[in-house]
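Quick notes on the structure that follows.
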Amino acid sequence: MRVDAAALIAELRGILGTEVVLTDSASLQLMASDLYVSGALPLAVIRPSDDALLGQAVAAITAAGASVVPRGGGLSYTGGYACEPARSVVVDLSALNRIEHISAQDMYAVAQAGVTWRQLHEALTPLGLRLPYFGTFSGAGASIGGGLSHGALFFGSARHGSAADIALGMEVITADGTRLRTGQWALKVDAAPVFRNFGPDTTGLFTHDGGAFGLKTRAALRLIPLPAHTGFASFAFSDFEAAASALSAIARAGLAEEVYVLDAGAVAVNTERERSVAAAWRAMWQVLGTARGIGEKISALTRMAAAGRRVIPEGAFTLHMVAAGNCRAAVKHDIAQAQSLAAAADGVRIAATVPRIARANPFPGLNAVLGAHGERWAALNAKVAHSRAGALIHAHQQLIARHQQMMEATGVRVTYLCSALCNYSFSFEAVFHWRDAWLPLHEAKVDATLLAGFTPSAANLTARALVAQLREETCALFAAQGAASNQIGRTYPFLDVLDEAPVALLRELKQHLDPARRMNPGVLGL
């Protein structure tokens, strides 16, 4: 079915208003890219600040034979926002950015899909409240809707899970423009959305779907009291698998809100841009600002001063953890238990500067979408049982060894970040770094002053091809290891690795919700 672009754009402007429908080249180029690829340009971008007419607009798009591509912060690297050539309209949800309700009595909040994790965290903190899982590293720009669609995790995840685990209900617009709510929110009478599992879990149906089943407009999310006390610990290991073993032990024991392992290369990437005196002062004041009471402030300052500027042994794999609770003694107990478990894996305690600074400013901005010298990066993740973590680490290191000579010749390198998702899942992430031409999203998200200090790289087709090969082989390795991934997009094999019965179920759901395959077609392989 051929799309009459001019007629569709005119219809959308009639529904939403001229200023909401964007067709300029810069907007189209930006919406055609994520942090890894830039694809076909959309016909138009709609950026509504009021969702009242959004269902009507979605219905008009799909009736015209065009596809709907929902987009949150856009900070992905799995092709989740890829457009079909000459037939896609991107729905940029960033202007749906209102926090609509916070209830300290009923312990939930309602936020529109374009609200960022930082925005909601900063609104809740003065009220003594927090989301259980409260954001990803890119939470300054990453949105609630995108996090629910693509499985965001990190801050709070070792204890509380991912974005999907804190959702109580959602409001979704399906391909024909129908607006539906899930969970207790779906009742005909007005009801507070505090119970997710009223019958089958319809909320779960729309998590991790990449927008294949519908376009999210708002979500109800669980709240917890802001923990009264927080503790930090870091440990150094000479061996990757030993560090991973300690991570699993700490996660299984339920001792941490976050626990993660960085290799030496990842630590260098994360600290190189913070080596100036100004950065050190900034980090110190952030830590002091989040420490509670004069005693905690003095303790934090003393520990940072004692650590000096070099806190991590050369070449070490480091484990970092955050413990939290309402009793200082309980937090101390958890840190002590973690130290015993780390020592059993030959870990040595070091200054906990990394997790302390990470928590002091969890959402520092989006400059890190480029490396310290302007290089690009893209990650791939896998979730396995703790008992299978060592085998996965070993297998991926063997994969890298087979390409080491070519990687050195092209300047491609890999770093690792491993973390815990609750007490039952080990998260493994390989991050590839290389010099290459920037994509529109890089230039849009990095501070202009910082970007001006970088020397732009020319297109590096050889390195780019090698990264593509490494990503393809890594995804195949994950599948062979029985791993699952949270940000599937169009990158990871999905339907091909599932049994026939669940594939048939997913296809039937897609057929019911989107019979013409117009809602983000191709994501998840649907």
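The values are calculated or read from the model by the stated rules, or taken from the named source; none is laboratory data. For clarity, every value in this text was computed on a predicted model and none was experimentally measured. Cβ placement follows ideal geometry from the backbone for every residue including glycine, while neighbour counts extend to all protein chains displayed. Surface accessibility is based on the protein's heavy atoms, side chains included, excluding ligands, DNA and RNA. Shrake-Rupley method; radii C 1.70, N 1.55, O 1.52, S 1.80 Å.
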Rg and Dmax of the chain, Cα atoms only, in Å = 22.9, 68
Two pseudo-spin positions, 7 Å from Cα along C-beta at N197 and at L505, lie apart in nanometres by 1.5 nm
Peptides 378-385, 143-150, 157-164, 333-340 ordered by average Cβ neighbours within 10 Å, highest first | 143-150, 157-164, 378-385, 333-340
If you add up the charges near L370, with Lys and Arg at +1 and Asp and Glu at -1, over every other residue whose beta carbon is less than 9 angstrom from its beta carbon, what do you get?
-> +1
Solvent-accessible surface (1.4 angstrom probe) belonging to K445, in square angstrom, nearest 10 | 70 Å²
Mean accessible surface per residue for the chain, computed with a 1.4 Å probe while every protein chain stays in place, in Å² = 41 Å²
Scattering from the C-alpha atoms of the range 442-509 alone, worked out with Debye: what is log10 I(q)/I(0) at q = 0.23, 0.27 1/Å?
-> -1.03, -1.16
For the range 397-491, the accessible surface attributable to carbon and sulfur atoms (probe 1.4 angstrom, ligands and nucleic acids excluded) amounts in percent to 52 percent
How much of the accessible area of the range 60-204, in percent, comes from carbon and sulfur atoms when a 1.4 Å probe is used?
-> 54 percent
What order do H442, H121 take when sorted by accessible area (1.4 Å probe), most exposed first?
-> H121, H442
Helices from the chain with mean Kyte-Doolittle at least 0.0 and a Cα length along the axis of 15 Å or more, per DSSP H: which?
-> 5-16, 240-252, 277-290, 293-307, 328-344, 389-402, 461-480
Evaluate the relative contact order of the chain (contact order divided by residue number), counting alpha-carbon pairs under 8 angstrom at least 6 apart; express in whole percent.
-> 17 percent
Just report the Cα centroid separation between the range 436-487 and the range 129-205, whole Å.
-> 28 Å
Name the residues of the range 477-518 whose amide N is less than 11 Å from a point 7 angstrom out from the Cα of A40 along the C-beta direction?
-> none
If R0 = 41 Å, then R98 and T455, at their Cβ-Cβ distance, give a FRET efficiency to the nearest 0.05 of 0.55
Residues with beta-carbon under 14 Å from that of P42, excluding P42: net charge, scoring Lys, Arg +1 and Asp, Glu -1?
-> 0
What does the charge dipole of the range 385-480 about its Cα centre add up to, to the nearest 20 debye, if the Cβ of each Lys and Arg holds +1 and the Cβ of each Asp and Glu holds -1?
-> 160 debye
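If you add up the charges near T410, with Lys and Arg at +1 and Asp and Glu at -1, over every other residue whose beta carbon is less than 11 angstrom from its beta carbon, what do you get?
It works out to a net charge of +1.
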